[in-house]
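The values are calculated or read from the model by the stated rules, or taken from the named source; none is laboratory data. Just so we're clear, the structure is a prediction, and the values are computed from it rather than from any experiment. Cβ placement follows ideal geometry from the backbone for every residue including glycine, while neighbour counts extend to all protein chains displayed.
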Amino acid sequence: MDILFASLGFVLMLVGIVGSVLPVLPGTPISWAGLIVLHLAPSISFNWTLIIVTGVIAITIYVMDYVIPAMGTKRFGGSRAGTWGTFIGLVVGIFAPIPFGILIGPFVGALVGEMVFNQTDGKKAFKAAFGSFIGFLASTFMKFTFTMLYLIFFCYLILFEYWDVLF
């Protein structure tokens, strides 16, 4: 039973890491679900405080994932049209058949949103689009960092519990 829960938890960890880069998947909450599944294993034990703290962090990062790109757009002078353009460009970039669409999409979306819907001049629109891109990169880095920390913690718990068996 332990092997089943540990394997399922590890798969969730890997999906969470992929989800930290792809905006379609909520990476940090999926990695947290991997910790929950590991907690269900009969011979691996850790306290509820750990589950609650990592869960609060996962939910906070999930919310911040939507806030940070918009903050980047606003910080660099963007408007509501640029913020919506960032989000729409992100979604389109996922499904676009171009390489690096997920990186180009938010930038182009903010640029189009500013120039077309807000009639912003080119220089200011480019600055706002750059802000959305920086926000997207910051958000992705934050998610990736925490999903990797959850994976390290996951591996530590498995090694700690099975240390006698392994060595």
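Candidates in the stretch 94-111 are the residues that are surrounded by fewer than 18 Cβ atoms within 10 Å (Cβ to Cβ) and not small (Gly, Ala, Ser); of these, the one that is modelled with the lowest pLDDT is Pro99. Residue check: Trp48 meets all listed conditions (1) at pLDDT below 90; (2) surrounded by 13 or more Cβ atoms within 10 Å (Cβ to Cβ) but one, namely (2).
Across the stretch 109-127, the qualifying residues are those that are in contact with a helix residue (DSSP H, G or I) (Cβ under 6 Å, 6 or more places away or on another chain) and of a type in the set (A, V, I, L, M), and the one among them that is nearest to Met71 (Cα to Cα) is Ala110.
Considering each of Met1, Met64, Met71 in turn, give the residue that is within 30 Å of Gly122 (Cα to Cα) and either of a type in the set (Phe, Trp, Tyr) or modelled with pLDDT under 85 (or both). Steps first, please.
Working: Met1 fails: within 30 Å of Gly122 (Cα to Cα); Met64 fails: either of a type in the set (Phe, Trp, Tyr) or modelled with pLDDT under 85 (or both).
One residue alone meets the criteria, Met71.
Working carefully through the options Val18, Val11, find the one that is closer than 17 Å to Phe141 by Cβ and assigned to a helix (DSSP H, G or I). On inspection, the qualifying residue turns out to be Val18. Pro69: part of a loop (DSSP other than H, G, I, E, B), surrounded by 16 or more Cβ atoms within 10 Å (Cβ to Cβ) and touching a residue at least 60 places away in the same chain (Cβ under 8 Å), yes or no? Spelling it out, it is not the case that Pro69 is part of a loop (DSSP other than H, G, I, E, B), surrounded by 16 or more Cβ atoms within 10 Å (Cβ to Cβ) and touching a residue at least 60 places away in the same chain (Cβ under 8 Å).
Lys124: within 25 Å of Phe10 (Cα to Cα) and charged (D, E, K, R), yes or no?
no
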